[in-house]
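Chemist: This is the structure I have questions about; it appears just below.
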Amino acid sequence: MIYNIAKRYAFSSKNRHKLTSIRIAIGLLFSTLALNVILSFMIGLQDKKFSLIKEYQSYDAILEVNEEIDIESFLNELNSKDDIDLAFKYLEIPTIIRNDDNSQFIGSIRAFKEEDFNKLSYSLIKGKFDSDGVILSYSATQNSNLDYLKPINLTILKKGKVVTIVPFQTTDNISAVYFTPMKDFNNYYVIMEYNKLKNYAPYSKDKIGVFGNIETIKNLSKNKAKVLSWKDQNESLYAAMKLEQYLMYLTLSIMSLIIIIQLYNSTINLVKSKKGEIAMLRALGLTKKETKNVFVISSLIVSLLGIVLGSIISFFLLNYSNSIISFFNNITNYSIPLLSVDVNLSFSIKNCFIIATPLILIILVMSKRVINKLLKNDSMEILLNE
């Protein structure tokens, strides 16, 4: 009976405050939708950045192998494990590249064997992987006036047999141009064939890049190699991004606070407007507890409807975002910049609970507080004034 009465006071066509209930539900619907989309978008941006770092620059882990370990046997051991997708050796050495017009490019050479390079995600847009030249990024060739298929001067800061760093100068052609979506990588790294760089810098230590489960990598590398996970290699960036995430939650909390203030006023007005109904229920014999439950449940029905509908719309909007963006681009014949950001939007039940739980708890507390105040008034006096 309590639930049926509560439902009647929520959305029944005979409820004179039905429009107020609908406005509250719609307000919560759009609030839930907006918070879900913003949270998903900001988390998607961070995930995209971390994904690019792992894919192109830092991998899941980089291993610095002990000198007494046979690196080829260790590589075979790593690649034989199911939890490891790919393990490969490479060299990385600082370099300065100069062109004939004195323009220069300062960064590092990262060298791979051809079969390993072909398994990675770097995309060649000109030329081919050639042991006779170097591979520059497209942005580097544009920014530094370095021309494809023309010779460039390399100053390689290699490790010496006795001294720490020995500058070595050579001239090589740009045999290919690569592209990645990661601008920081493109503007810093030059790619070369492994054996070519090993001839230039024979005393430089090999590294192993690994894609796979970090715990498996650490267990296999005990007493064999120093393991640097992608988080270890990008510790400052990771800490900054986590701080950004906390600030994002703080910003959303402030937005939620504004929503809650509006919700508080609406709920108070809605419950106060029903003081006649409260007095009538008391006059009909319902206890204070039963009357309170009627209007608390009524407020929850209104609120939950708005939050659930907002979450459902969020689910379809986020999961089918690419189709929706394509539809808008097609009907406008224009690529809207905000909708063209390459971010993987996904619906998260966890985020839904983060957003919905405080809203529901606050509605519950507010409803109880207002109704308790109204129940202190004399029922007959309220009915006479009504």
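Chemist: How far apart, in nm, are two points set 7 Å out from the Cα along the Cα-to-Cβ line at Ile38 and at Tyr238?
Modeler: 2.9 nm
Chemist: Follow-up. Could you work out how much longer the chain between Thr170 and Glu114 gets when fully extended? Use 0.36 nm per residue separation minus the Cα distance between them, nm to one decimal. Let's see the in-between values first.
Modeler: Values: separation 56, 0.36 × 56 = 20.16 nm, distance 2.15 nm.
Net length gain for the segment: 18.0 nm.
Chemist: In addition: How far apart, in nm, are the 7 Å Cα→Cβ label points at Ile331 and Tyr249?
Modeler: About 3.8 nm separates the two model spin labels.
Chemist: Could you derive backbone 3J(HN,Hα) for segment 197-210 from the dihedral phi with the Karplus parameters 6.51, -1.76 and 1.60 (θ = phi - 60°), listing whole Hz in sequence and x where the residue is Gly or Pro?
Modeler: With coefficients 6.51, -1.76 and 1.60, one gets 6, 5, 5, 5, 9, x, 9, 6, 7, 6, 10, 10, x, 9 Hz.
Chemist: On a full-extension model of 0.36 nm per residue, what is the gain between Asp82 and Ile22, subtracting their alpha-carbon distance, rounded to one decimal in nm?
Modeler: 16.1 nm
Chemist: Using 23 Å as the Cα-Cα cut-off, could you pick out the over-long pairs in Lys81/Lys224; Lys81/Lys113; Lys128/Lys159; Lys54/Lys150?
Modeler: Numbers: Lys81/Lys224 16 Å; Lys81/Lys113 21 Å; Lys128/Lys159 28 Å; Lys54/Lys150 32 Å.
Checking Cα-Cα distances, Lys128/Lys159; Lys54/Lys150 exceed 23 Å.
Chemist: Now for a separate question. Based on the alpha-carbon gyration tensor of segment 183-252 and its eigenvalue square roots a ≥ b ≥ c, which shape applies: rounded if a/c is under 1.5, prolate if not and a/b is larger than b/c, or oblate? Write down the numbers at each step before the final one.
Modeler: Values: a/c = 3.47, a/b = 1.60, b/c = 2.17.
In terms of gyration-tensor shape, oblate.
Chemist: Ser346 versus Lys226, label points 7 Å from Cα toward the beta carbon: distance in nm?
Modeler: In this crude label model, Ser346 to Lys226 measures out at 3.4 nm.
Chemist: Then there is this: Pairs of alpha-carbon atoms within less than 8 angstrom and 6+ residues apart define the contacts here; what relative contact order does segment 67-223 have, in percent? The partial results should precede the final answer.
Modeler: On the way: 299 pairs, mean separation 51.6, N = 157.
Once normalised by length, the contact order is 33 percent.
Rule-based calculations on the coordinates, nothing more; no lab input. Since this is a predicted model, take the numbers as computed values, not measurements. Heads up, the Cβs are rebuilt from the backbone with ideal geometry, glycines too, and the neighbour counts pull from every protein chain shown.
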